[in-house]
Amino acid sequence: MGAMGAAEPLQSVLWVKQERCAVSLEPARALLRWWRCPGTGPCAPDADACSVPVSEIIAVEETDVHEKQSSSGRWQKMENPFAFTVHCVKRARYHRWKWAQVTFWSADEQLCHLWLRTLRELLDSLTSRPKHLLVFINPFGGKGHGKRIYEKKVAPLFTLASITTEIIITEHANQAKETLYEINTDSYDGIVCVGGDGMFSEVLHGVIERTQRSAGIDPNHPRAVLVPSTLRIGIIPAGSTDCVCYSTVGTNDAETSALHIIVGDSLAIDVSSVHHNSTLLRYSVSLLGYGFYGDLIKDSEKKRWMGLVRYDFSGLKTFLSHQYYEGTVSFLPAQHTVGSPRDKKPCRAGCFVCRQSKQQLEEEQKKALYGLENAEEVEEWQVVCGKFLAINATNMSCACPRSPGGLSPAAHLGDGSSDLILIRKCSRFNFLRFLVRHTNQDDQFDFTFVEVYRVKKFQFTSKHVEDEDSDLKEHGKQRFGQICKDSPICTCSASRSSWNCDGEILYSPAIEVRVHCQLVRLFARGIEES
């Protein structure tokens, strides 16, 4: 057989295990296929045909035939057999990916070498794949298994895919963030964090802050337009909840995440900046929670000696205390989005809602260049006052193994909005009903005491810090001039909550939040349809 042109299909008869198979490679479709062909003549693919996209082939290598022969004895009848092995992705249940391998045999050495060369050339042409990665490993996060998980499940796959790494095992909090802020990252194709959501947050902050510094942007300005980073971030889950990984890949399986990194997947996600006056407090990608979730994380921080069970203990304690808080929420609805929090259309790989919403947001921003933005904001801002058990803002579903749907099942990863969920004061029994809905398929927003809005900006001011934040409060009154929905005056004790920002505590109850559309990219594809 002669050499194959770049766009010409290649088809041969090869052996897979003890089956005679027709094998085809179609560069135009970038698809490798094989099917049983027991006869001597040509045969067409049937329903049992196997296929793998070239983009999901990890590596192709020449196989030691003699080792295979001695171990299995399958090819003793074949004189001087030659073989090559294709390492690829195989899908399993619950969105998991597994490493699989298929070995193809032939008595024709030149034919095997042609297949090897052709497949390797196609793999080399995939420019989105990383070649050199910086890896941060948190040895203390979750159950403390991060280093072992990386060495046993991830490192062998990176080696197979010819990915080189530089590994840093962190020794203290914020080390990853500080390192990224100081070092030259030009030689890396991406950053990988091995740990939980806290470790990811460190890397996220380091990448964003480095990018803004390079662009000469002051992130402390609440209205600053942040520049997206070109560095992709990979997450190898080794934490207690792994919410970000679960919400972007569909599982918290380390092998699955490693394979997404290897094939060079890319997913742009929204990031919220959280400000108090003119100071940046933190960035958030998953949950901003005041009230219930803020009290829970604050109490759990005092019980680290309990391990992971501290979250269950603090959750029960916070639920039983049933503390509510009074405050004012002002928000700008995300009118550019084509979805809604209750449309039961979850974010999936290749999401139309994210793509279309970003386009419409860009159209809005073009109009702002003509001086229309301020007038529109005054008209569109809405204000809600009241007593709340919880105020949650989610940039993603916040799904995890305990809550497969998450706090907002239809939240989108890259639509430039956040789902703002207000849980008003209600009975302890009703609040329990609401919490239980997070574990099943029922509509968790179908309660009279729950409101949900899709927003692109919001502000919150606690009643008990009005004097401290009088400037922000007066600004809100002048700007909005609307009547609150709740008129009764709060008579509860002067207490305040904290904000749970992706698992970290923010002690300022007066904040301003803005969503930055698709600010960072992950080595992920989004959750695929089952």
With a 1.4 Å probe and all protein chains in place, put THR211, THR448, THR279 in order of accessible area, largest first. THR448, THR279, THR211
Using Cα-Cα distances under 8 Å and only pairs 6 or more residues apart, what relative contact order does the stretch 313-415 have, in percent? 40 percent
So, over other residues within a Cβ distance under 10 Å of PHE82, counting Lys, Arg +1 and Asp, Glu -1, the net charge is -3
What number results when the radius of gyration of the stretch 125-222, computed over Cα atoms, is divided by 2.2 N^0.38 Å? 1.16
In the stretch 130-190, the GluC sites (Glu not before Pro) that sit in a DSSP loop and have at most 11 other Cβ atoms within 10 Å of their own Cβ are GLU171
Which trypsin sites (Lys or Arg not before Pro) in the stretch 175-243 sit in a loop by DSSP (not H, G, I, E or B) and have at most 16 other Cβ atoms within 10 Å of their own Cβ? ARG223
Charge sum, other residues only, whose C-beta stays under 14 Å from VAL13's C-beta, Lys/Arg counted +1 and Asp/Glu -1: +1
Dipole of the stretch 288-408, Cα-centred, from +1 at each Lys and Arg C-beta and -1 at each Asp and Glu C-beta, to the nearest 20 debye? 840 debye
Determine the share of the chain's accessible area contributed by carbon and sulfur atoms, expressed in whole percent, with a 1.4 angstrom probe. 50 percent
Of the listed pairs LYS153/LYS302; LYS98/LYS143; LYS152/LYS303, those with alpha carbons more than 28 Å apart are LYS153/LYS302; LYS152/LYS303
Counting Lys and Arg as +1 and Asp and Glu as -1, each charge on the Cβ, what is the dipole of the stretch 139-232 about the Cα centre in debye, to the nearest 20? 360 debye
Run the reach check for LYS366 against lysines, Cα to Cα strictly under 29 Å, same-chain hits fewer than 8 apart removed. What comes back? LYS345, LYS358, LYS456, LYS457, LYS477
Assigned charges on the beta-carbon of Lys, Arg, Asp, Glu; the chain dipole about Cα centre (debye): 1300 debye
So for the chain, taking the charge dipole from beta-carbon charges (+1 Lys/Arg, -1 Asp/Glu), which of TYR246, PHE319, GLY386 sits furthest toward the positive end? PHE319
Quick one: compute the contact order of the chain, relative version, from alpha carbon pairs under 8 angstrom and 6+ residues apart, as a percent. 16 percent
From the coordinates shown, semi-axes √(5λ) of the Cα gyration tensor in Å corresponds to which of (1) 50, 24, 22; (2) 33, 29, 26; (3) 54, 31, 23: (1)
What net charge do the residues around ASP443 carry, taking every other residue with its C-beta under 15 Å from that of ASP443, with Lys and Arg at +1 and Asp and Glu at -1? 0
Long-range HN-HN contacts of ILE527 with modeled amide H, under 5 Å: ALA349
Cβ-based charge dipole, the chain, positive-most Cα from PRO333, PRO404, ILE527: PRO404
Among THR279, VAL23, HIS205, which residue has its Cα furthest toward the positive end of the charge dipole of the chain, with +1 on Lys/Arg Cβ and -1 on Asp/Glu Cβ? VAL23
Counting sequence-distant residues (5 or more places) and residues on other chains, those with an amide H built under 5 Å from that of ALA238 are GLY195, GLY196
How much accessible area per residue does the chain have, counting only protein heavy atoms and a probe of 1.4 Å, in square angstrom? 47 Å²
Shape category assigned to the stretch 260-419 from the gyration tensor of Cα positions, a/c cut at 1.5: oblate
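The values are calculated or read from the model by the stated rules, or taken from the named source; none is laboratory data. Remember, it's a predicted structure, so these values are computed and weren't measured experimentally. Every residue, glycine among them, receives a Cβ derived from its backbone with ideal geometry; neighbour counts consider all protein chains shown. Ligands, DNA and RNA are excluded from the accessible area calculation, which covers all protein heavy atoms including side chains. Shrake-Rupley method; radii C 1.70, N 1.55, O 1.52, S 1.80 Å.
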